[in-house]
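**Q** Please read through the structure below; I'll follow up with questions.
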Amino acid sequence: MKETEYVDVIKKLPLFSGLSETELVTILRECGAHRQQIRSGQNIISLGSKVSGIGVLLSGNARVVKDDFWGNSTILAHLGQGDIFGEAFACSGCAATVDVYADSDAAVMWLPYTRLIGADAGGVISRRLAYMFAKKNVFLTNRIEHLSQRSLREKILSYLKEQAVAAGSSSFTISLDRAGMADYLAADRSALSAMLGKLKKEGIIDYHKNHFVLMGFDGNGESIGGKDIF
């Protein structure tokens, strides 16, 4: 690839932050980084494929999708410029268990994993990758907990409780819009909106757009009276 292209995007990645442009270009050259142009709707990673490199979305948008046995699709993540994907498959050598589709024309940079680690003389990138794996593992563990709840009501409240604890307050703003929240909780958007309205009417939550208040909750995981949320 031409190392100077998209350099401003690459320098902002947590994986490479703090490196000078010269250091960054050297690492990209040594690891054999290469760029791929993807058309909207095309697969970036296909289910069952072997993934040898870490993908970085340089431009465009994409989504990570998981299909069940019956062909029902669940969107696991939306990807935007600068997002990294495929690192778990590249590191483990396991076949991909998801599909990654381009939602628009996109440019992807592939970082061959083995060569990237080999070019990491100081171990900085290896430590950052370990941190990223750990952070994503926490994210996935939390999502599994929400999805394991028996009803949509419990899924919503489990998610909102996590957000309140993270904010340290019963009043907080989430990053997801309604469509994103529905995707995250594997729920129908209309059903989600209806349940949020019901919870608000019952006095369990209050909200305006993406700002929520979880009633009877102190932000530290403890109830402070009022109606039970579960």
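All of the numbers you see were taken from the coordinates with simple rules; none came from a lab. Given the structure is predicted, the values throughout are model-derived calculations rather than measurements. Here Cβ is always computed from backbone atoms with ideal geometry, including for glycine, and neighbour counts include all displayed protein chains.
**Q** Highest mean first, how do 151-161, 124-134 rank when packing is the count of other Cβ atoms within 10 Å averaged over residues?
**A** 151-161, 124-134
**Q** What are the ³J(HN,Hα) couplings of the range 203-208, residue after residue, when phi is run through the Karplus curve with 6.51, -1.76, 1.60 and θ = phi - 60°? Round to Hz, x for glycine and proline.
**A** x, 8, 9, 9, 7, 9
**Q** Under 5 Å between amide hydrogens, which residues at least 5 positions from Leu76 or on another chain qualify, with H placed 1.01 Å from N in the peptide plane?
**A** Val64, Val65, Lys66
**Q** Moving on. Could you sort out which of Lys66/Lys198; Lys11/Lys155; Lys50/Lys209; Lys66/Lys135; Lys12/Lys209; Lys11/Lys200 sit more than 32 Å apart by Cα distance in this structure?
**A** Over 32 Å apart, Cα to Cα: Lys11/Lys155; Lys50/Lys209; Lys11/Lys200.
**Q** Here's another thing I want to ask about it. For Leu140, Leu199, what's the fewest-to-most ordering of other Cβ within 10 Å of each Cβ?
**A** With the sparsest Cβ surroundings first, the list reads Leu140, Leu199.
**Q** Quick one: Karplus J couplings for the range 166-175, per residue in order, coefficients 6.51, -1.76, 1.60, θ = phi - 60°, nearest Hz, x for Gly and Pro?
**A** 5, 7, x, 7, 6, 10, 7, 10, 9, 7
**Q** How big is the dipole moment of the chain about its Cα centre under a simple scheme where the beta carbon of each Lys and Arg is +1, that of each Asp and Glu is -1, and everything else is neutral? Debye, nearest 20, please.
**A** 220
**Q** Taking only Cα atoms, what is the 0 to 90° angle, nearest 10, from helix 189-201's long axis to the longest principal axis of the chain?
**A** On a 0 to 90 degree scale, this one is about 40.
**Q** Now a separate question. Using the Karplus equation 6.51 cos²θ - 1.76 cosθ + 1.60 (θ = phi - 60°), what ³J(HN,Hα) coupling, rounded to whole Hz, does each residue of the range 16-25 give in order, writing x for Gly and Pro?
**A** Computed from phi, the couplings for the range 16-25 are 10, 4, x, 7, 6, 4, 5, 4, 5, 4 Hz.
**Q** Roughly speaking, what % of Cα-Cα pairs in the chain are separated by over 25 Å, rounded to a whole number?
**A** Looking at the chain, the distances longer than 25 Å represent 50 percent of pairs.
**Q** Now, a different point. Stokes-Einstein diffusion coefficient for the range 56-177 at 25 °C in a medium of 0.890 mPa s, Rh from the Kirkwood formula over Cα pairs: what value in µm²/s?
**A** 145
**Q** Continuing with the same structure: Could you order peptides 66-72, 116-122, 16-22 by the average number of other Cβ atoms within 10 Å of their residues, highest first?
**A** The most tightly packed comes first, giving 116-122, 16-22, 66-72.
**Q** Give me Rg over Rh for the range 149-214, both radii from the alpha carbons and Rh done the Kirkwood way, two decimal places.
**A** Dividing the radius of gyration by the Kirkwood radius yields 0.92.
**Q** Sequence-distant or interchain residues sharing an amide H contact under 5 Å with Val98, placed H: which?
**A** Excluding prolines and chain starts, which carry no amide H, the hits are Gly48.
**Q** Let me ask another. Counting Lys and Arg as +1 and Asp and Glu as -1, what is the net charge of the other residues whose Cβ lies under 13 Å from the Cβ of Arg39?
**A** Taking every other residue near Arg39 into account, the sum is -2.
**Q** While we're here: Build a GNM of the chain with springs between Cα atoms under 10 Å: which of Val165, Val98, Val108 gets the top mean-square fluctuation?
**A** Val165
**Q** Could I ask something else about it? For Leu58, which sequence-distant residues (separation of 5 or more, or a different chain) have an amide H within less than 5 Å of its own amide H, given hydrogens modelled in the peptide plane?
**A** For Leu58, the qualifying residues are Gly82, Ala107, Val108, Met109.
**Q** Okay, moving on. Local charge sum around Met132 (other residues, Cβ-Cβ under 12 Å, Lys/Arg +1, Asp/Glu -1)?
**A** Combined, the nearby Lys, Arg, Asp and Glu give +2.
**Q** How big is the gap, in Å, between the Cα center of the range 141-164 and the Cα center of the range 181-216?
**A** 12
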